[in-house]
Amino acid sequence: MNKWEVAILKIIAANDGTASLKHVYVELPSHVDFTDKHYEIKYKVPAYHHQTRAHVDDLLDKGELYRNKRGVYSITLKGRSRIGVK
């Protein structure tokens, strides 16, 4: 089970099922153990932002997230099922 994906799903589920990427970026460090490398600036943002977006793309491909609009995502029933939340 991918720890980052589960953490992203839990963060969005806890925010009434919908959250912006900015909200996920703020909450994620309290769910995943980051190293200094995650905080290194790459292309004007911390490296973990790029990794987070890659995981969000994977969750979209799996049907566990739905894109509402640019930068805002909702958890699907499949995503809720993965983390054991109704």
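Remarks
- Per the conditions (1) in a helix (DSSP H, G or I); (2) surrounded by fewer than 16 Cβ atoms within 10 Å (Cβ to Cβ); (3) touching a helix residue (DSSP H, G or I) at 6+ places or on another chain (Cβ under 7 Å), the sole criterion not satisfied by Lys78 is (3).
- Subset of region 27-64 (residues that are touching a residue at least 40 places away in the same chain (Cβ under 8 Å) and over 16 Å from Lys78 (Cβ atoms)): Gln51, Thr52
- Positions within region 16-25 being part of a helix (DSSP H, G or I) and surrounded by 15 or more Cβ atoms within 10 Å (Cβ to Cβ), in sequence order: Leu21, His23, Val24, Tyr25
- Failed item in (1) part of a helix (DSSP H, G or I); (2) open to solvent by 20 Å² or more (accessible area, probe 1.4 Å); (3) among the aliphatic types (A, V, I, L, M), with Leu28 passing the rest: (2)
- The set of residues in region 54-63 that are over 16 Å from His31 (Cβ atoms) and in contact with a helix residue (DSSP H, G or I) (Cβ under 8 Å, 6 or more places away or on another chain) comprises Asp58, Lys62, Gly63.
- Some residue of region 34-52 being at positive phi, part of a loop (DSSP other than H, G, I, E, B) and at pLDDT 95 or above: no
- Any hit, region 58-71, residues being open to solvent by 70 Å² or more (accessible area, probe 1.4 Å), modelled with pLDDT of 95 or more, assigned to a helix (DSSP H, G or I) and over 12 Å from Trp4 (Cβ atoms): yes
The values are calculated or read from the model by the stated rules, or taken from the named source; none is laboratory data. Predicted model, so just to flag it, every value in this text is computed and none were measured. Don't worry about glycine lacking a Cβ; one is built from the backbone with ideal geometry, like all the others, and counts go over all protein chains shown. What goes into the accessible areas is simple: the full protein's heavy atoms, side chains included, and nothing from ligands, DNA or RNA. Shrake-Rupley method; radii C 1.70, N 1.55, O 1.52, S 1.80 Å.
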